[in-house]
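Following: one structure in structure tokens, then a few remarks.
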Amino acid sequence: MIVRYMLRINQNPMRHLSTRKMKLLNLSLLIHLCSLLLVSTQPTDQPPFSCDSTDPLTKSYKFCKTTLPINRRVEDLVSRLTLDEKISQLVNTAAAIPRLGIPGYEWWSEALHGVAFVANISQGIRFNGTIRSATSFPQVILTAASFDPYLWYRIGQAIGIEARGVYNAGQARGMTFWTPNINIFRDPRWGRGQETPGEDPLVTGKYAVSFVRGIQGDSFEGGKLGESLQVSACCKHFTAYDLDNWKGINRFVFDANVTLQDLADTYQPPFQSCIEKGKASGVMCAYNRINGVPNCADYNLLSKTARGQWGFNGYITSDCDAVSIIYDEQGYVKEPEDAVADVLTAGMDLDCGEYLKNYTGSAIEKKKVAVSDIDRALHNLFSIRMRLGLFNGNPAKQPFGNIGSDQVCSPEHLNLALEAARNGIVLLKNDNRLLPLAKTEITSLAVIGPNANSSETLVGNYAGPPCNPVTPLQGLQSYVKNINYHPGCSTVNCSSDLTDEAMKIVKGTDKVVLVMGLDQTQEREAHDRVDLVLPGHQQKLVTRIASAANKPVILVLLCGGPVDITFAKNDQNIGSIIWAGYPGEAGGRALAEIIFGDHNPGGRLPITWYPQNLTKIPMTDMRMRPEPSSGYPGRTYRFYQGLKVFEFGYGLSYTNYSYEFLPLTKDKVYLNNQSSDKIALGYKSVSEMGTELCEKSKLPVTVRVQNNGEMDGKHAVLLFVRQAKTGNERPIKQLVGFNNVDLKAGEKAEIKLELSPCEHLSSAEGDGQMVVDEGSYFLSIGHKESEITVVFSEDTSDAATSKLMILPRILIFFYIYSFIHSFIPMHIVLK
């Protein structure tokens, strides 16, 4: 079995992983298999657990007593470990401790958009038993295009249920999943941008909160999680990580020069939301350095910020081999033991790798590491395993023990995957209402493109084996029986020009659908793009097919990152353009339903689509804000001042919507709780305003939305804000709220959003301090705007009311005084 598994790994190049991770995967598997032989007497179809109630020995251990608080149980467990045993627990493949009845544990499992397959990514999950597949939801970038937090929550919930189902079937060695990826998609060339919710901090933060609550077993609103975890989520990669391998500069050695200003209002907010609101139980520190300091060795980042300021209560893991590179590649320290000391004292708990196992002992001998630092890490690690119920006896008798294999690839989850694909797909162009196609009129189709019949492309990266994948070709075949298909290119890189052959199937067909774009050979982990155009001869193929067709063609793009398709946007022979991301296993069906009008597209782009000339800017430039003097245009819709192919939030529909702001309860926001030396400068810091005033200043924003078309539709309503006076390094505009509305033709509804001035109207100063500027702001939805004003002076309406209240008190005083004076001589009163 080991040989077969190694052969499968070697045959699959794991293109989205580094060589380091591949070696680590092989080594960890061998270690794990050996530990299983040493420890487990449990049936192979039963999940590994500790504190078996049938074992009389375990009954004497305090760490097995579920009536005790977890912290006391962990203290007891850690106190029983030898130093060697302690060190063995500091790596992702934690060794078994047979004398205490503790099986080995694998911390590294993946579930980015579905429980991931071991041969591709995860070490903790096996699809070699009764469960052979798991629901493959759309890649995150497409799911984000729905702008639907409740959908994100339900996807997380479904993945958590399926993960438990796999564990209960005895096919998992861990329940800690290193997901979600909540880095900002800053540069369109980033190979891993597809894994993220996009470029906006608010969207990314809300995605993190919704997904984490779902997968860990919390309610959508939060607050009902308690100590028990369905599975453990891990927000990654902390922080400012968005470059993998660009023109020879890789993530292992990259030193990201990031301003405090950009950290405060762009890179850090998603992680703060993930911790404070999502209550994530895990955080992963990133490979790269920030301003010279490795993320995993940064005390200010891990301990002071995450644990101290945000109240993080979980474990912190390194990315795989991130500890070793501190010495081996970055040269940040003089010897391996220094790297071990730096990460442990910084607050990291777990090494995805072997460095802590190999060098912690010698670091203690050299007095670089205290045993207390190890005990702290172990406390965090074993607390998570206990919260997962892995020290509570037989899992079948625990809260999540009733989740069976029938809940993996269940009809409910498959329908959810279809819903997610439908609601994420974005219509970018639809000249002369080419779409939807009339089912009764279309008798033949020509389907061309290298992505038309690839089930592998559908699922993107970090994916498991899908339950029942449907390619775009297969989806269209369910609508039209007479379909001619040609790939157009031998592969997605389209180095071989097969245009002449593809042209032969175009003539005589009613319509032509081109399915082009990218795949994991073009964008992936450890591989960033250098261009934004379609690869190889794809553009030539699209243009020639479009010009040869009898009628305008339909162009479908499967890709995670944006592509400069200005040529197609301006080509009258290309009537419609659809972006389908990597839509998951139901993507082909969802795409066909949209093309033939059984679903009305309502997705919106969660990223800006830039022109090719952006590639002149080094990907290593981390600045968000523009610098006009040097021609630097800035990044993301909040700051970017250059030309766009499509803007953030763009998306068409088969119907038309209109928006109307209802009158605000107040159009002035008074932020005047105390004096401030910043008021004279025209701004006030959020920290000095305090929680009470920030809560008090919140106001509801109600928008009336109407579907003015003839087709039912669901779409996202996006609320932006902009300052009347731009400049001073403030955002051009920024998203402050969003929601989904489902309206029948002619129907209207009122959407309620909340504006929090301290959160939504604030931006960062150069020192990272969040401030709110005094003056006018404009809320906008579509082409409608509504003005509000931030005022630092006293609320005159309240002041006037206060003065009116004083008058009756004065009158009462004089009445009492006169009454007393009528009975008592004046000299006595005065005396």
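The values are calculated or read from the model by the stated rules, or taken from the named source; none is laboratory data. None of these values were measured; they are calculated from a predicted model. For neighbour counting, all protein chains shown are included, and Cβ atoms are generated from backbone atoms with ideal geometry for every residue, glycine included. Just so you know, the surface numbers come from the protein's heavy atoms only, side chains and all, with ligands and any DNA or RNA stripped out. Shrake-Rupley method; radii C 1.70, N 1.55, O 1.52, S 1.80 Å.
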Condition broken by THR491, with the remaining ones in (1) more than 30 Å from HIS413 (Cα to Cα); (2) touching a strand residue (DSSP E or B) at 6+ places or on another chain (Cβ under 8 Å); (3) open to solvent by 10 Å² or more (accessible area, probe 1.4 Å); (4) part of a loop (DSSP other than H, G, I, E, B) satisfied:
(2)
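Out of the stretch 191-241, which residues are assigned to a helix (DSSP H, G or I), within 25 Å of ASN300 (Cα to Cα) and open to solvent by less than 10 Å² (accessible area, probe 1.4 Å)?
We begin by selecting, within the stretch 191-241, every residue assigned to a helix (DSSP H, G or I); these are 193-195, 201-216.
Filter again for within 25 Å of ASN300 (Cα to Cα), leaving 201-202, 204-206, 208-209, 212.
Selection gives THR204, GLY205, ALA208, VAL212.
Out of the residues in the stretch 535-549 meeting the condition of being open to solvent by 10 Å² or more (accessible area, probe 1.4 Å) and not small (Gly, Ala, Ser), tell me which one is nearest to SER496 (Cα to Cα).
It comes out as HIS537.
So, GLU85, is that one open to solvent by 50 Å² or more (accessible area, probe 1.4 Å), farther than 20 Å from GLY401 by Cβ and either at pLDDT 80 or above or in a loop (DSSP other than H, G, I, E, B) (or both) or not?
On the way: open to solvent by 50 Å² or more (accessible area, probe 1.4 Å): no; farther than 20 Å from GLY401 by Cβ: yes; either at pLDDT 80 or above or in a loop (DSSP other than H, G, I, E, B) (or both): yes.
Considered against the rule, which asks whether it is open to solvent by 50 Å² or more (accessible area, probe 1.4 Å), farther than 20 Å from GLY401 by Cβ and either at pLDDT 80 or above or in a loop (DSSP other than H, G, I, E, B) (or both), GLU85 comes out as no.
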Single condition ASP531 does not satisfy, out of (1) open to solvent by less than 10 Å² (accessible area, probe 1.4 Å); (2) among the charged types (D, E, K, R); (3) farther than 18 Å from LEU476 by Cα:
(1)
Can you pull out the residues in the stretch 303-323 that are touching a residue at least 60 places away in the same chain (Cβ under 8 Å) and not in a loop (DSSP other than H, G, I, E, B)?
ALA306, TYR315, ILE316, THR317
From ALA417, ALA377, ALA452, residue being assigned to a loop (DSSP other than H, G, I, E, B), open to solvent by less than 10 Å² (accessible area, probe 1.4 Å) and among the small types (Gly, Ala, Ser)
ALA452
Take the stretch 695-727 and flag every residue that is open to solvent by 20 Å² or more (accessible area, probe 1.4 Å), in contact (Cβ under 8 Å) with a residue 24 or more places away in the chain, under 24 Å from PHE792 (Cβ atoms) and not in a strand (DSSP E or B).
LYS698, ALA724, LYS725
Could you list all residues from the stretch 402-438 that are among the β-branched types (Val, Ile, Thr) and either more than 24 Å from the chain's Cα centre (by Cα) or at pLDDT below 95 (or both)?
ILE403
Condition broken by ARG625, with the remaining ones in (1) touching a Pro at 6+ places or on another chain (Cβ under 7 Å); (2) under 30 Å from VAL530 (Cα atoms); (3) open to solvent by less than 30 Å² (accessible area, probe 1.4 Å) satisfied:
(1)
From (1) aliphatic (A, V, I, L, M); (2) modelled with pLDDT of 95 or more; (3) under 24 Å from GLY129 (Cα atoms); (4) open to solvent by less than 20 Å² (accessible area, probe 1.4 Å), pick out the condition that doesn't hold for ILE9.
(2)
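Touching a residue at least 12 places away in the same chain (Cβ under 8 Å), under 23 Å from the mean Cα position of the chain (by Cα) and open to solvent by less than 50 Å² (accessible area, probe 1.4 Å), is that true of LEU779? Break it down stepwise before answering.
Values: touching a residue at least 12 places away in the same chain (Cβ under 8 Å): yes; under 23 Å from the mean Cα position of the chain (by Cα): no; open to solvent by less than 50 Å² (accessible area, probe 1.4 Å): yes.
So LEU779 fails the test.
If you go through the stretch 346-374 one residue at a time, how many are hydroxyl-bearing (Ser, Thr, Tyr) and surrounded by fewer than 17 Cβ atoms within 10 Å (Cβ to Cβ)?
To start, the set of residues in the stretch 346-374 that are hydroxyl-bearing (Ser, Thr, Tyr) comprises 355, 359-360, 362, 372.
From what is left, the residues that are surrounded by fewer than 17 Cβ atoms within 10 Å (Cβ to Cβ) are 362, 372.
Number satisfying all stated conditions: 2.
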Filtering the stretch 603-622 for residues that are open to solvent by less than 10 Å² (accessible area, probe 1.4 Å) and part of a loop (DSSP other than H, G, I, E, B) leaves a count of 8
When you scan the stretch 242-260, how many residues do you find that are in a strand (DSSP E or B), within 20 Å of THR196 (Cα to Cα) and among the aliphatic types (A, V, I, L, M)?
1
Looking at (1) under 23 Å from the mean Cα position of the chain (by Cα); (2) aromatic (Phe, Trp, Tyr); (3) under 21 Å from ASN600 (Cα atoms), which is the only condition TYR462 fails?
(3)
Right, THR566: hydroxyl-bearing (Ser, Thr, Tyr), more than 14 Å from GLY449 (Cβ to Cβ) and open to solvent by 30 Å² or more (accessible area, probe 1.4 Å) or not?
yes
Return yes or no: is GLN522 in contact with a Lys or Arg (Cβ under 8 Å, 6 or more places away or on another chain), closer than 30 Å to GLU195 by Cα and not charged (D, E, K, R)?
yes
It is to be established whether one or more residues within the stretch 196-209 are under 27 Å from GLN407 (Cβ atoms), of a type in the set (Gly, Ala, Ser) and at pLDDT 95 or above.
yes
Number of positions in the stretch 641-694 that are modelled with pLDDT of 90 or more, farther than 18 Å from LEU761 by Cβ and in a loop (DSSP other than H, G, I, E, B)
16
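Could you pull out the residue among LEU693, LEU662, LEU652, LEU718 that is more than 30 Å from ASN600 (Cβ to Cβ) and not aromatic (Phe, Trp, Tyr)? Before you say what the answer is, go through the steps one by one.
On the way: LEU662 fails: more than 30 Å from ASN600 (Cβ to Cβ); LEU652 fails: more than 30 Å from ASN600 (Cβ to Cβ); LEU718 fails: more than 30 Å from ASN600 (Cβ to Cβ).
LEU693 is the lone residue from the list that is more than 30 Å from ASN600 (Cβ to Cβ) and not aromatic (Phe, Trp, Tyr).
Here is a yes/no grid of residues against (1) under 19 Å from the mean Cα position of the chain (by Cα); (2) within 19 Å of ARG186 (Cα to Cα):
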position	(1), (2)
ASP218	yes, no
LYS224	no, no
ASN245	no, yes
PHE271	yes, yes
ALA286	yes, yes
TYR299	no, no
Would it be correct to say that TYR359 is under 27 Å from ASP621 (Cα atoms) and at pLDDT 95 or above?
no
Of ILE824, ILE788, which residue is modelled with pLDDT of 95 or more and either closer than 30 Å to GLY649 by Cβ or out of contact with any Cys (no Cβ under 7 Å at 6 or more places or on another chain) (or both)?
ILE788
Screening MET348, MET386 for residues that are touching a residue at least 24 places away in the same chain (Cβ under 8 Å) and assigned to a helix (DSSP H, G or I) leaves only MET386
Can you name the residue in the stretch 384-399 that is open to solvent by 20 Å² or more (accessible area, probe 1.4 Å) and at pLDDT 95 or above and, of all such residues, is farthest from ILE161 (Cα to Cα)?
ASN392
Filter the stretch 573-601 down to residues that are open to solvent by 10 Å² or more (accessible area, probe 1.4 Å), in contact with a helix residue (DSSP H, G or I) (Cβ under 7 Å, 6 or more places away or on another chain) and in a loop (DSSP other than H, G, I, E, B) and give me whichever is farthest from ILE442 (Cα to Cα).
ALA586
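Being farther than 30 Å from SER79 by Cα, of a type outside the set (Val, Ile, Thr), touching a residue at least 24 places away in the same chain (Cβ under 8 Å) and open to solvent by less than 10 Å² (accessible area, probe 1.4 Å) narrows it down to one residue among SER133, SER109, SER146; which is it? If you could, list the steps in order and put the result at the bottom.
On the way: SER133 fails: open to solvent by less than 10 Å² (accessible area, probe 1.4 Å); SER109 fails: farther than 30 Å from SER79 by Cα.
Within the list SER133, SER109, SER146, the selection yields SER146.
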